[in-house]
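A quick write-up on the structure given underneath.
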Amino acid sequence: MCGIVGCVGAADVSRVLLSGLGKLEYRGYDSAGIAVVCDGAVDIRKSSGRLARLLAACERDGYPQGGAGIGHTRWATHGAPTDANSHPHASGDGRFAVVHNGIIENWAELRRELEAEGCRFESETDTEVIAHLVERAYEGDLLKAVMKAALRLRGSYAAAVVCADEPGRIVAVREASPLIVGIGAGENYFASDVTALVERTRSCLYLDDGEFADIRPDSVSVFDAAGRERAKEVVRVRWDVRAAEKGGYRHFMLKEIMEQPGAVEATIAPRIAAGRVCFDDEGLDDGAFCGVTRVVIAACGSSYYAGQGVRSAFERLTGVPTSVELASELRYGSTLVNASTLVIAVSQSGETADTVAALRECVCRGARTLAVVNVAGSTVARLADHAVHTWAGPEVAVATTKGYTTQLSVLYLIAVRMARALRCIGTQEEARLVRQIAALPRAIQQAIDLNPCVSELAVRYKSCPSLLFMGRGVDWAVALEGALKMKEISYIHAEAYAAGELKHGTIALVEEGQPVIALCCDERLAAKVAGNILEVKARGANVLAVACLDNQDVVALADDLLLIPPVPPMLSAAVSVVPLQLLAYHVARERGCDIDKPRNLAKSVTVE
Ligand code: AGP
C-alpha cells in the first residue's frame with residue numbers, strides 16, 4: 001500500500017525523503033515522488049515504476065533543495081501507475097503539494113464540484129482533490145487550511161501538505177490510516193510507518209484519528225479538529241535500524257525465515273517465569289479471562305491462518321468454544337459477540353483495515369478485546385483493552401514468516417494463561433506446557449536446517465502449474481499457510497484442503513504427476529493421512545510429505561520427505577510451517593520472482 005514520509009529542518013531534505021521512501025518500498029508500490037519547498041515554490045519530482053527511476057531523475061535534473069519536503073510511494077487505486085497519477089499532487093496554482101495514503105470516498109463528488117468552479121485536474125486520483133481544497137481554503141495559515149479542507153473529506157487518509165509560502169512547515173492529518181511523527185533535534189519527520197523513521201530517530205508520537213500535526217524544525221504540535229491542542233506521549237521505538245536491512249542475505253524473506261528461532265525466543269522468554277506464563281506487563285491477569293464464554297480470533301491472511309493453527313490449543317486447554325473469523329467477514333457478519341466474548345485481533349502490522357474495522361465493531365458490541373501485534377503503537381494495539389506484542393522486529397518481506405511463527409508462539413502462551421485463569425490446568429500441567437513452548441526455538445532451528453534439502457527439491461517444483469497441499473487438524477491450518485506462501489511469491493496456483501475432504505471433490509484434480517504436499521505432524525492422525533496419501537498416489541500424484549521424525553506410517557509412503565523433530569501436535573504449526581516457507585522461497589527464486597515485493601501485493605493492507 002502507499003507509503004508517505006516527510007521531513008522539515010534537515011540540511012538535505014530530498015535525500016532524507018528518498019532514503020525514507022527506500023525503507024517503505026517493502027509495502028508494495030508502483031510509482032514514487034517527492035515535493036520540496038524551495039525559494040518560494042514547490043519543486044516536485046515524480047515517476048512511475050520503482051524508486052530507482054525517481055533517483056535517476058533526481059541525479060539527472062538535480063535534487064530539489066529546501067527546508068521542508070514530503071514523499072510518497074503509490075500503490076495504484078484510482079488511475080493507472082503513470083507519472084501523472086504519482087504523488088505528490090499539486091494545487092492548480094502550484095503553491096501546495098500533497099501526499100496521501102488511503103482512499104477519499106467522496107472524491108468524485110468533490111471533483112465535480114471543483115471542476116464546476118474552474119479547477120483543472122492533472123490526474124485521475126482521488127488525492128488531487130485535497131490539493132485543490134487546501135488551495136481554496138488557504139488564508140495565510142496552512143494548518144487552518146488543511147483543517148478546513150479535511151471537513152469536506154470522507155474516507156481514510158493519512159495526508160500531508162506543504163505550502164510554498166510557509167517553507168519551514170508541514171501539516172499532516174490522520175483519519176483511519178496510520179501516521180507517525182518522528183521527533184529529532186532541529187528537524188522533525190512523519191511517516192506512515194516507523195521503518196521509515198528509525199534511521200533518523202527513535203522518538204515517535206502516534207496520531208489518532210481526527211488529529212492534525214503541525215510539524216516545524218523545532219516543534220511539533222498536535223490538534224484535534226476543533227483546533228484544541230492535544231498532549232501526546234512520545235514513545236521510544238525499540239526496533240534496531242539493522243533489523244530492517246538485509247544483512248548479507250539475498251532476500252529479506254530468507255533472512256526473516258532464518259531469524260525465526262531468535263524472534264520466537266524473544267517473544268516467549270519475557271512471558272515465562274518459574275514454569276508459569278506471565279503477562280503482567282500487559283495487564284493480562286485472571287480478570288481478563290474470568291467469565292469468558294467464547295473466544296473469537298479475528299484476522300486476515302496469514303494472521304488468520306495463525307488463528308486457525310491455535311484454535312485447538314484454545315479449545316483443548318480452556319474448554320471455551322473458539323472460532324476463527326476472517327476480519328473482512330466479521331465486520332459485516334452476524335458472529336455472536338457480546339460482553340462475555342474475548343475477541344483476539346491478530347495482526348503483524350496492526351494496521352490492516354479489515355482487522356481494525358472488525359475490532360472496532362467488536363468494541364462497540366461490548367466485547368473484551370486483546371490485540372496480538374508486532375508493531376507497537378499500531379492502531380490495533382491502541383484499540384484493544386490489552387495489547388500483547390510479538391517481538392519479531394521489523395518484517396520487511398511482503399510474505400510473512402517470522403510474523404506468523406511469533407504470533408503462534410504468543411497465542412499458545414495466551415491459551416495457557418487463560419487455562420490457568422479458568423482453573424483448567426494445574427501448576428504441573430502449566431509447567432509441562434511451558435517447557436514444550438520454550439523448546440520451540442530449537443525445533444524451529446532444526447526445521448531451518450532442512451534448507452539445503454528444500455533448495456534441491458524446489459528445482460522439481462519450479463515448472464508445476466499447480467500444487468495441492470493437504471493435512472488434518474493443525475496440519476490443515478499449516479497447509480493453508482503453505483499454499484498461501486507458495487501463491488504469493490511464486491505465482492504458482494496452490495490449493496490447500498482438509499485431507500478428509502479429498503473424496504468430496506478435490507481428488508478430481510489429481511492426475512499423473514500432480515504434486516501433492518502432505519502435512520502429517522500429528523501422529524494421532526497419521527494413519528488417516530497415510531490413507532489419503534495412498535489415494536492420491538493411486539491416481540498418479542507425486543507426494544512430498546512434511547512429517548515428524550517418528551511418523552513411520554507416512555515416511556514409508558511419500559516420494560519425498562521433509563522430516564521435522566517431534567513436536568506436540570498442538571504446537572506443531574510453528575515448526576512444520578518452516579519447510580513450507582523455505583519451499584515457497586526456493587521455488588520463487590528458481591522462477592526468478594521478485595520475492596520480497598511480489599506483484600500486486602502490499603505488506604500492510606490499509607484499505608478495505
Ligand atoms: C502473508 O504473507 C500476507 N502478506 C498477508 O496475508 C498478511 O498476513 C495479511 O495481509 C494480514 O496482515 P497483518 O498481519 O499485518 O494484519
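Overall dimensions of region 3-237, expressed as equivalent-ellipsoid semi-axes from the Cα gyration tensor (√(5λ), whole Å, largest first), are 23, 21, 17. Efficiency by 1/(1 + (r/R0)^6): what FRET value for ASP385 and ASP224, r their Cβ-Cβ distance, R0 = 30 Å, to the nearest 0.05? Efficiency computed from Cβ-Cβ geometry: 0.80.
Summing charges over neighbours of SER328, with a neighbour being any other residue whose Cβ is under 15 Å away from its Cβ, gives -4 when K and R count +1 and D and E count -1. Computed extension length for LYS144-GLU501: 122.5 nm, one decimal, from 0.36 nm per residue of separation with the Cα-Cα distance subtracted. For the pair region 520-534 / region 12-65, the C-alpha centres are spaced 55 Å from each other. In terms of other Cβ atoms within 10 Å, VAL8, VAL346, VAL396 run from fewest to most in the order VAL396, VAL8, VAL346. The Rg/Rh ratio of region 404-470, with both radii computed over alpha carbons and Rh defined as the Kirkwood radius, is 1.20. Contact order, relative form, for region 243-438: 30 percent (alpha carbon pairs under 8 Å, 6 or more residues apart, mean separation divided by residue count).
What value does the chain have for Rg/Rh, both radii from Cα atoms and Rh as Kirkwood defines it? Walk me through the numbers before you get to the answer.
Details: Rg = 25.3 Å, Rh = 25.3 Å.
Taking Rh as the inverse mean 1/r over Cα pairs, Rg/Rh reads 1.00.
State the Cα centre-to-centre distance between region 535-556 and region 110-166 in whole Å. Distance between centres, Cα-based: 61 Å. Along the axis of the charge dipole computed for region 243-438 (Cβ charges of +1 for Lys and Arg, -1 for Asp and Glu, origin at the Cα centre), the listed residues LEU433, ALA263, PRO394 are led at the positive end by LEU433.
Would you work out which of PRO167, VAL222, VAL198 lies farthest towards the positive end of the dipole of region 3-237? Charges go on Cβ: Lys and Arg +1, Asp and Glu -1. Farthest towards the positive end: VAL198. Pairs of Cα atoms in region 452-608 fall into 5 Å distance bins, from 0 up to the last occupied one, in shares of 2, 10, 20, 23, 20, 14, 7, 3, 1, 0 percent. In this label model, SER334 and ARG442 are separated by 5.1 nm, measuring between points 7 Å along each Cα→Cβ vector.
Couplings for region 323-331, taken from phi via the Karplus curve 6.51 cos²θ - 1.76 cosθ + 1.60 with θ = phi - 60°, read 10, 10, 10, 5, 4, 5, 8, 4, 4 Hz in order; Gly and Pro are left as x.
Under the definition of Cα pairs under 8 Å and six or more residues apart, what whole-number percent is the relative contact order of region 327-404?
Numbers: 136 pairs, mean separation 21.8, N = 78.
Computed over region 327-404, the figure is 28 percent.
Over all directions, the projected convex hull of the C-alpha atoms in region 161-273 averages 10.2 nm² in area. Converting phi to 3J(HN,Hα) with the Karplus coefficients 6.51, -1.76 and 1.60 and the offset θ = phi - 60°, region 16-24 yields 4, 5, 5, 5, x, 5, x, 6, 8 Hz in sequence order, with x at every glycine or proline. Dividing the C-alpha radius of gyration of region 553-592 by 2.2 N^0.38 Å, with N its residue count, gives 1.40.
Note on region 448-499 and region 328-394: Cα centroid distance 29 Å, given to the nearest whole angstrom.
Using Cα-Cα distances under 8 Å and only pairs 6 or more residues apart, what relative contact order does the chain have, in percent?
12
Basic side chains Lys and Arg get +1 at the Cβ, acidic Asp and Glu get -1 at the Cβ, and with that the dipole of the chain about its Cα centre reaches some 980 debye.
Considering every alpha-carbon pair of region 285-324, the percent of pairs per 5 Å bin, from zero through the bin containing the longest distance, is 6, 24, 27, 23, 14, 5, 0.
Counting other Cβ atoms within 10 Å as a rough exposure proxy, the listed residues SER31, SER334, SER14, SER409 run SER334, SER14, SER31, SER409 from fewest neighbours to most. The charge dipole of region 243-438, taken about the Cα centre with unit charges on the Cβ atoms of Lys, Arg (+1) and Asp, Glu (-1), comes to about 300 debye, rounded to the nearest 20.
Near ARG316: Cβ cut-off under 13 Å, other residues only, Lys/Arg at +1 and Asp/Glu at -1. The net charge is -1. Under 1.5 on a/c is rounded, so check that first for region 307-379, then, if it is not, pick prolate when a/b is larger than b/c and oblate when it is not; a ≥ b ≥ c are the square roots of the alpha carbon gyration tensor eigenvalues. Taking the square roots of the gyration eigenvalues as a ≥ b ≥ c, region 307-379 is oblate. Taking a ≥ b ≥ c as the square roots of the eigenvalues of the alpha carbon gyration tensor, region 243-438 is oblate, as a/c is not under 1.5 and a/b does not beat b/c.
Other residues within the sphere of radius under 15 Å centred on the Cβ of ALA145, judged by their own Cβ, net out at -1 (K and R +1, D and E -1).
Every read-out reported here was derived from the displayed coordinates using simple, explicitly stated rules and does not represent laboratory data. Fair warning: this is a prediction, and the values are worked out from it, not measured in the lab. Neighbour counts run over all protein chains shown; Cβ positions are idealised from the backbone, glycine included.
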